[in-house]
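Asker: Before we start, here is the structure in question, set down as structure tokens.
The values are calculated or read from the model by the stated rules, or taken from the named source; none is laboratory data. Nothing here was measured: the structure is a model prediction, and the numbers come from that model. All Cβ positions, glycine included, derive from the backbone under ideal geometry; neighbour counts span all protein chains shown.
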């Protein structure tokens, strides 16, 4: 049986190499990782953007630079134009002896309050040297948002694996090679397995590549693989079901689109929603995979937790499989 | 006229396939999520763990100050689980914070470490002034750390007085703020329409290629342009219908629907032309898929930034989904910026036309027998 599975995989690989697909499979995770590295440096800055008048008060400019991102402009008209831009930037401008804060009017409340607070401190001449606070750090260097991006990319990559399988199968269908398989000694199961391998390699290679390149080198890769493996099985299952049930590319593409929904919803639920909303997302395997990846990336997960999260993903997958097995079998006939 | 017939024929064909209904189902699902799952506004409060290492009277005064800021003025006793240990604490919820008062300093440090939140210990120095110890994760920016360092330098009352005297002058006051639920709509519209349109139109073309429809087309009187336009038309129709399904029930009469129509049309046209062009470089969907997936992922990045106002790198502003999100946001507001919407609509239309013409040229060479 393994020989046949291997033969199907090798054939897939050959076809895919001819189609440059293997190149994409190799390149996509790398691009994900590079994009994350390019975008994240500014991510953890939670302060405001301020616009100030150039040369008006150098002391003020250097004071605010300690607490906010500062842009300087030559005159008030230029500043006005900048404040009216589509992002959130407020100006602190002189008028007589005093300073006033110019806003566009649509900034989030927090941003205006931050600017008010900074101007208050400047007026009161509050200096860092006089601080009565002391800061201790736990030595973490990776901002949570970077972790979020890496985690979401890992999920996207496993969905990509599923999409590959689905499209692979639909292609076989459109080319009418599936019925031909039924005439060969290859069993249905071998065919399923053979078709799945390519979609299995991508998430495993991809998640390791992304984690490594984005600088999470000290995570426990065995723990990561555990979660990735579980979520990959899910994508395989979905990819296969989509592939079997859809007769053409249009339907496959449309139903894959539906897949992004539970993925995005799970990430949003964990990151934004409060505790009382969490239970509404327990059904989503992406929810558990995300949680699992999160503790692996933060390096504070115990094996017990990892096993629990990947176990839940597996159980959800098995339920879906049991539910849909007859359909899959029928679809292959 | 021929174009109209081709379009009607395509619509009829599409209405027989599953795809059309998947789109409608997806729109309905998004609508249900918006109405029943997403709260009007998300509650997001920062958690802080605090230990008060202070003499009784000072401690009392300090707690009273926090209690005054509490939303319902009541203290909640909560148990926090941390590494199999249950830590008792008193919770105060203010407008933007959840403050946990904890009896043991060690627990504060442990919780700040494990839960990755801010921890603080407040004590008296040898001159009997308040002194603060902050426990941070390490990835906070220096600017934030500087602010934390100075925040207690001056008494709260002095800060309050000067703070309240700050003169804030908005350039305009008639901006409306969208609720969190409404704020999700631009993201849904961009994703459902343009982003996926890229992928769907490519699938559409390859399906026809594989089934031999395209060769059959070559012997009809229709031109390649009409064929491509009729495909784009079906896609635009589904996008417009599904977008209206989402917008109308949530926003009611507030948005300018004519503008929405124009914007959906131009952005959808741009996305499908881009999809057509990309697809023209490949022989089958498997080949095209990688490039399309990458394009889609790149275009999702502004979607992430959209939800994080403080993160707005210049690089994402050149991605087409950035103006799309901003455009949809303006449209669903009652007092949206009409000139902005029309300007970017025009830009999308022009780029869309250019892409479409290039795609058309390429298909003329490859699609005909």
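Asker: Among the residues of segment A:106-123, how many are free of Cβ contacts under 8 Å to residues at least 60 places away in the same chain and surrounded by 17 or more Cβ atoms within 10 Å (Cβ to Cβ)?
Answerer: 8
Asker: Of these, B:285, B:301, which one is within 14 Å of chain A (Cβ to nearest Cβ), more than 20 Å from residue B:34 (Cβ to Cβ) and buried (at least 22 other Cβ atoms within 10 Å of the Cβ)?
Answerer: After ruling out the rest, the residue left standing is B:285.
Asker: Name the one entry in B:14, B:27 that is in contact (Cβ under 8 Å) with a residue 60 or more places away in the chain, under 24 Å from the mean Cα position of the chain (by Cα), more than 30 Å from residue B:127 (Cα to Cα) and surrounded by 14 or more Cβ atoms within 10 Å (Cβ to Cβ).
Answerer: B:27
Asker: From B:348, B:328, B:307, B:356, grab the single residue that is modelled with pLDDT of 85 or more and under 25 Å from residue A:107 (Cβ atoms).
Answerer: B:328
Every residue, every condition in (1) assigned to a helix (DSSP H, G or I); (2) within 14 Å of chain B (Cβ to nearest Cβ); (3) surrounded by fewer than 20 Cβ atoms within 10 Å (Cβ to Cβ), yes or no:
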residue: A:159; (1), (2), (3): yes, yes, no
residue: A:166; (1), (2), (3): yes, yes, no
residue: A:169; (1), (2), (3): yes, yes, no
residue: A:176; (1), (2), (3): no, yes, yes
residue: A:185; (1), (2), (3): no, no, yes
residue: A:204; (1), (2), (3): yes, no, yes
residue: A:210; (1), (2), (3): yes, yes, no
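Asker: Given the condition under 23 Å from residue B:358 (Cα atoms), within 10 Å of chain A (Cβ to nearest Cβ) and without any contact (Cβ under 8 Å) to a residue 40 or more places away in the chain, answer yes or no: does some residue in segment B:220-241 qualify?
Answerer: No.
Asker: Would you call residue B:207 under 30 Å from residue B:118 (Cβ atoms), within 14 Å of chain A (Cβ to nearest Cβ), more than 20 Å from the chain's Cα centre (by Cα) and not in a loop (DSSP other than H, G, I, E, B)?
Answerer: For residue B:207, the condition - under 30 Å from residue B:118 (Cβ atoms), within 14 Å of chain A (Cβ to nearest Cβ), more than 20 Å from the chain's Cα centre (by Cα) and not in a loop (DSSP other than H, G, I, E, B) - is not met.
Asker: Something else about it: Of all residues in segment A:45-62 being facing chain B (nearest Cβ under 10 Å) and crowded, with 19+ Cβ neighbours inside 10 Å, which is modelled with the lowest pLDDT?
Answerer: This residue is A:47.
Asker: Then there is this: Search segment B:124-167 for residues being in contact with a strand residue (DSSP E or B) (Cβ under 8 Å, 6 or more places away or on another chain) and surrounded by fewer than 16 Cβ atoms within 10 Å (Cβ to Cβ), and hand back the single one that is nearest to residue A:122 (Cα to Cα).
Answerer: B:167
Asker: Considering only residues of segment A:272-305 that are buried (at least 16 other Cβ atoms within 10 Å of the Cβ) and at the interface with chain B (Cβ under 9 Å from one of its Cβ atoms), which is modelled with the lowest pLDDT?
Answerer: So, considering only residues that are buried (at least 16 other Cβ atoms within 10 Å of the Cβ) and at the interface with chain B (Cβ under 9 Å from one of its Cβ atoms), the one modelled with the lowest pLDDT is A:273.
Asker: Scan (1) surrounded by 15 or more Cβ atoms within 10 Å (Cβ to Cβ); (2) at pLDDT 85 or above; (3) in a helix (DSSP H, G or I) for the single condition residue B:22 breaks and write down its number.
Answerer: Going through (1) surrounded by 15 or more Cβ atoms within 10 Å (Cβ to Cβ); (2) at pLDDT 85 or above; (3) in a helix (DSSP H, G or I) one by one, residue B:22 breaks only (2).
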